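*Asks:* Would you mind keeping the following structure in view while I ask a few things?
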Amino acid sequence: GIDPTVPPSGTGCAECDAAGGWWFHLRRCASCGHVGCCDSSPGQHATGYYRSTGHPLVQSFEPGEEWYWDYATSEVRESGPDLA
């Protein structure tokens, strides 16, 4: 489920930061706050994180964007709860 109180894991993709990688856009897990890179990024870490955890909802972690992506249904949600 969504936990609106959990803070983001950082300001960039956790896996790219650890490996010295880079990203185009960031996605934040709505369940646990993990920040991963988008599918246009070389690492595609947000999708990989979903596959390893089963946490289906991510929110764009880009300034001014509030949409969500639901991996379970492959659908965009225009809005959702405000995350911490």
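*Asks:* Looking at this structure, is Pro4 at pLDDT below 95 and out of contact with any Ser or Thr (no Cβ under 7 Å at 6 or more places or on another chain)?
*Replies:* Here the answer is yes, as Pro4 does meet what is asked.
*Asks:* Could you run through the stretch 3-17 and say how many residues are closer than 12 Å to Ala46 by Cα and part of a helix (DSSP H, G or I)?
*Replies:* 3
*Asks:* Condition first: of a type outside the set (Val, Ile, Thr) and surrounded by fewer than 16 Cβ atoms within 10 Å (Cβ to Cβ). Now tell me which residues in the stretch 3-16 satisfy that. Walk me through how you get there before you give the answer.
*Replies:* Start the filter on the stretch 3-16 by keeping residues that are of a type outside the set (Val, Ile, Thr), which leaves 3-4, 7-10, 12-16.
Matches in the stretch 3-16: Asp3, Pro4, Pro7, Gly10.
*Asks:* Exactly one of (1) modelled with pLDDT of 95 or more; (2) hydroxyl-bearing (Ser, Thr, Tyr); (3) not in a helix (DSSP H, G or I) is unmet by Ser79. Its number?
*Replies:* Result: Ser79 passes all but (1).
*Asks:* Out of all the residues in the stretch 21-62, which are assigned to a loop (DSSP other than H, G, I, E, B) and under 20 Å from Val6 (Cβ atoms)?
*Replies:* The answer is Ala30, Ser31, Cys32, Gly33, His34, Gly54, His55, Pro56, Phe61, Glu62.
*Asks:* Let me ask something else about it. Which ones in the stretch 50-67 are among the hydroxyl-bearing types (Ser, Thr, Tyr) and within 16 Å of Leu83 (Cβ to Cβ)? Talk me through it step by step, then tell me what you get.
*Replies:* So the first thing to find is which residues in the stretch 50-67 are among the hydroxyl-bearing types (Ser, Thr, Tyr), and the list is 50, 52-53, 60.
Of everything in the stretch 50-67, just one residue is among the hydroxyl-bearing types (Ser, Thr, Tyr) and within 16 Å of Leu83 (Cβ to Cβ), namely Ser60.
*Asks:* Kindly list, by first and then second residue, each pair from a residue in the stretch 38-55 that is exposed (fewer than 11 other Cβ atoms within 10 Å of the Cβ) to a residue that is modelled with pLDDT of 95 or more, limited to pairs with Cβ atoms under 6 Å and residues at least 6 apart or on different chains.
*Replies:* Ser40/Phe24
*Asks:* Right, here's the next one. Which residue is surrounded by the most Cβ atoms within 10 Å (Cβ to Cβ), if the candidates are limited to the stretch 56-84 and must be touching a Leu at 6+ places or on another chain (Cβ under 7 Å) and free of Cβ contacts under 8 Å to residues at least 40 places away in the same chain?
*Replies:* Across the stretch 56-84, the extreme among qualifying residues is Gln59.
The values are calculated or read from the model by the stated rules, or taken from the named source; none is laboratory data. This structure is a prediction, so every number in the text was calculated from the model and none was measured. Here the Cβ is made from the backbone with ideal geometry for all residues, glycine too, and neighbour counts use every protein chain on show.
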